[in-house]
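To start, the structure under review is shown below, and the notes come after it.
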Amino acid sequence: MPHRVATSDEVREMRHGLDADQFILAYQPKVDMRRGRVVGAEALVRWQHPQRGVLQPAAFIPLIEDHALVEHLDVWAVGEALRQAASWAAHRTPLPVSVNISPRTLLQPGFAGRLAAALQPHAQLGTPLLELEILESTAIDDLTQMAGVVGQCEALGVATALDDFGTGHASLTWLRELPVAALKLDRSFVRGLLHNDADRAIVQGILFMAQRLGRLVIAEGVESVAHGEALLSLGCTLGQGFAIARPMSPGEIPAWTTGFEGAPPWGRTEDITKPES
């Protein structure tokens with residue numbers, strides 16, 4: 001069923017929100033669960049709406065997936081995430097930040113060139129700063145073109161991943177055609193891992209495919225220690241979710257990272273059963 005698209009008033013309101021600095025990024029750590037090491041952080045967009053309060057991405061991103069405004073939001077998010085990653089690296093917390101990005105944005109002419117220009121001022125830091133998580137939200141007619149852009153990003157040192165893998169209409173085709181470095185295992189499969197044999201089989205199958213294709217797998221939605229342990233038993237070592245850390249402000253990341261890496265694996269997790277949003 002087609003999703004609702006933003007009205008002209010909603011687009012105008014979101015555009016004003018961008019201009020008025022109402023959008024912010026929260027950061028959720030990604031970790032190696034076996035080694036107890038922080039490997040990055042995902043930048044998550046929040047809209048500090050003056051009347052409706054803090055809005056999660058699901059409240060506004062789907063409305064603009066097919067609108068040019070999503071490109072402006074993506075460009076803003078990439079710029080903010082890159083600046084934050086550079087700041088952390090300069091203060092001895094070198095963590096690459098991953099940003100969700102629409103295929104529409106990737107396929108804009110000159111995207112890779114603009115990305116290279118944005119990265120250039122930070123080249124002296126000598127560490128990867130940015131990763132892009134591609135949203136399989138819209139059908140793409142020319143996967144060859146997209147594969148070329150993904151390859152250009154990888155050549156710039158910007159790793160790419162397929163987000164919410166397994167839920168899109170063409171996940172396997174995208175996996176075959178796009179030279180991404182990683183897959184983000186969708187939280188719906190992770191949630192069912194403990195009690196649903198079908199979800200467990202799907203997770204095992206995705207891990208097997210990824211291994212054969214030389215791709216990393218990062219599990220989303222690790223909501224309890226039991227979920228983390230189940231993933232580890234299947235060979236999935238990378239994860240993020242409420243049982244590891246909730247999204248936090250950029251200022252909280254350095255201390256959290258130091259605390260997590262100073263503890264044994266899972267030493268600072270908590271069993272949280274409330275679903276993530």
TODO: Would you mind finding the one in 125, 69, 73 that is under 22 Å from residue 184 (Cα atoms) and either touching a helix residue (DSSP H, G or I) at 6+ places or on another chain (Cβ under 7 Å) or hydroxyl-bearing (Ser, Thr, Tyr) (or both)?
DONE: 73
Task: Selection within the range 177-234 - small (Gly, Ala, Ser) and either assigned to a loop (DSSP other than H, G, I, E, B) or under 18 Å from residue 30 (Cα atoms) (or both) - done: 181, 182, 188, 214, 219, 221, 224, 226, 228, 230
Open item on the list: Condition first: assigned to a helix (DSSP H, G or I), aliphatic (A, V, I, L, M) and in contact with a Pro (Cβ under 6 Å, 6 or more places away or on another chain). Can you find one or more residues in the range 83-92 that meet it?
Closed with: no
Open item on the list: Only one of 173, 127, 167 is touching a residue at least 24 places away in the same chain (Cβ under 8 Å), in a helix (DSSP H, G or I), of a type in the set (Ser, Thr, Tyr) and surrounded by fewer than 19 Cβ atoms within 10 Å (Cβ to Cβ). Can you tell me which?
Closed with: 173
Open item on the list: For the structure I just gave you, tell me whether residue 12 is assigned to a helix (DSSP H, G or I) and surrounded by fewer than 14 Cβ atoms within 10 Å (Cβ to Cβ).
Closed with: yes
Task: Filter pass, residue 141 being without any contact (Cβ under 8 Å) to a residue 24 or more places away in the chain, among the acidic types (Asp, Glu) and not in a helix (DSSP H, G or I) - done: yes
Open item on the list: On the basis of being surrounded by 12 or more Cβ atoms within 10 Å (Cβ to Cβ) and either touching a Lys or Arg at 6+ places or on another chain (Cβ under 8 Å) or free of Cβ contacts under 8 Å to residues at least 24 places away in the same chain (or both), does residue 42 make the cut?
Closed with: yes
- [ ] Could you check, for the range 61-73, whether at least one of its residues is of a type outside the set (A, V, I, L, M), surrounded by 20 or more Cβ atoms within 10 Å (Cβ to Cβ) and either modelled with pLDDT of 95 or more or under 20 Å from the mean Cα position of the chain (by Cα) (or both)?
- [x] no
Open item on the list: Just checking, does the range 46-62 include any residue being in contact (Cβ under 8 Å) with a residue 40 or more places away in the chain, closer than 17 Å to residue 133 by Cα and out of contact with any strand residue (DSSP E or B) (no Cβ under 9 Å at 6 or more places or on another chain)?
Closed with: yes
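The values are calculated or read from the model by the stated rules, or taken from the named source; none is laboratory data. None of these values were measured; they are calculated from a predicted model. Positions of Cβ are backbone-derived with ideal geometry, glycine not excepted, and every protein chain shown enters the neighbour counts.
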